[in-house]
Amino acid sequence: MAKLENLKAGTTVKGLSPSGLAKVVQIEWFGDQAVKVTYEDAVGTVQNRLVYRNEENTLEVVSAGRPWSFDGDGALLRLVSEAYRIRLAHLFDPYLAVHTSRIDALPHQIIAVYGEMLPRQPLRFLLADDPGAGKTIMAGLLIKELLIRGDVERCLIVTPGNLVEQWQDELSQKFGLSFDILTRDQVEAARTGNPFTERNLLIARLDMMSRNPELQERMKAAKEWDLVICDEAHRMSASFFGGEVKYTKRYQLGQMLGEHCRHLLLLTATPHNGKEEDFQLFLALLDGDRFEGKFRDGVHQVHTEDLIRRLTKEELLKFDGTPLFPERRAYTVKYELSPAEASLYADVTTYVREEMNRAERFAEGDEKRRQNVGFALTILQRRLASSPAAIHESLRRRRERLEKRLAEERLLKRGAEAQLAVPADPAMTAIEERRRKTDDPAPEPVKKWRVVEAKGFWESGFIQTQEDVDAFLNALRAELESAIAANERVQIK
């Protein structure tokens, strides 16, 4: 007699199989009264059966199995242990994404990812470093690090249409991340009807998303995104006009993305357009409660250090402390003009001054036109400072435009002064003369048809009798002969 608890993997049991001895391969308990036994019989066939507690007296353990054995698949054990080790790798290597990517990370990139963004949970951040700082590299490091740590499964990148392929190539080549680009074909071919539910790593075009309300509704219906990254985020702008906020479609898309994700990262090199109230609206995409209402200077005191990081090129350094970019130095270089250059400068300056005065005199009452003309003339002096070739080309194009404008004005003047005398129609004259002689009433309505529109005479009822036809044909023949004679005279001359 053997108890059910004695049945273990590797145990040889008598009474389990009708063919004789059986070797237990696996057991699975169902409560405490039954167990499912998978066994191998004497001929090597693998079978399974349920054994109940009341069948214990029919079983006999011939050789007891070991509670622990080393006859498992070693390759599978190695694969599982390696996968578990990688899953916990970030605990032992805090810069795992850097070491497993094909990049040479710079100090400011490592600080941005591991010092500024990763500690924030949830993330609401604006990365606004100068162009050339490598914001795409920082975003890729963040995505890969969060994927390794299991914090991100679904990631959406929203970028202008001309940058989607660049993002896809950068993430694939440098970080080994396979992102799909959302296209109209994918939207139409989606098996579920919603492409956002079928892909976890996706790149979408900014204007395609902002101009398609149906696509936005599909995204709302999909599962929430773990991370959303918006490149060139300054395009998601809003502004105050007349005391009212004017929201663009791109800004409304940014609001919707912020509500449908856990982590939101905005990337731009130009976060501020010079208007503090517009900048506050832009930051409201990250924290709508903190930046609610219109900004008033001297009243609102809002700190943004925890939401934004901005480094200029002068602040970017290598690991050895040397500047990443050459230092920019602006200074004025003075030089003497040659006599020909001085004469040209004087002539252009005189021309600009006289034309500016003329523009102000003739554009009185039209402030916009006066400003446009003044701006165009001022550009000439800037072209002069560039090079003689530049000012020569500008003056040549301006002369051509003025000559074209003068020719148009002369043509319009000639057209207004010309008195277009339309000669009497011979056919009409002949027909009307005959009617006056015969006192026939003219058909109504009387229409002044030209000779070449013969069909119109018939449709209007103006030619009704054979005499009308003869008169019309005679007049037409006379006019044709006159035209042929005139043409011959022109050719002779």
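Within region 38-139, considering only helices (runs of 4 or more DSSP H) that don't extend past its boundaries, which have at least 3 residues that are over 30 Å from Phe279 (Cα atoms) and either in contact with a strand residue (DSSP E or B) (Cβ under 7 Å, 6 or more places away or on another chain) or without any contact (Cβ under 8 Å) to a residue 24 or more places away in the chain (or both)? In region 38-139, the matching helices (runs of 4 or more DSSP H) lie at 74-87.
For region 16-33, a residue qualifies if it is crowded, with 17+ Cβ neighbours inside 10 Å, modelled with pLDDT of 85 or more and not aliphatic (A, V, I, L, M), and exactly one does: Lys23.
Looking at region 1-37 only, could you name the residues that are assigned to a strand (DSSP E or B) and small (Gly, Ala, Ser)? Passing the criteria: Gly15, Ser17, Gly20, Ala22, Ala34. None of Glu341, Glu393, Glu327 is modelled with pLDDT of 80 or more and under 35 Å from the mean Cα position of the chain (by Cα) except Glu327. Residues in region 148-167 that are in contact with a strand residue (DSSP E or B) (Cβ under 6 Å, 6 or more places away or on another chain) and buried (at least 18 other Cβ atoms within 10 Å of the Cβ): Val152, Arg154, Cys155, Leu156, Ile157, Val158, Val164, Trp167.
When region 178-194 is filtered for residues that are within 23 Å of Gly258 (Cβ to Cβ) and modelled with pLDDT of 95 or more, the ones remaining, listed by number, are Phe179, Asp180, Ile181, Leu182. Here Leu202, Leu257, Leu227 are screened, and the one residue that is in contact (Cβ under 8 Å) with a residue 24 or more places away in the chain, under 20 Å from Arg154 (Cα atoms), of a type outside the set (Lys, Arg) and touching a Pro at 6+ places or on another chain (Cβ under 8 Å) is Leu202.
The values are calculated or read from the model by the stated rules, or taken from the named source; none is laboratory data. Just so it is clear, the model here is predicted, and its values are computed rather than measured. Note that each Cβ is placed from the backbone with ideal geometry, even for glycine, and that neighbours are counted across all protein chains shown.
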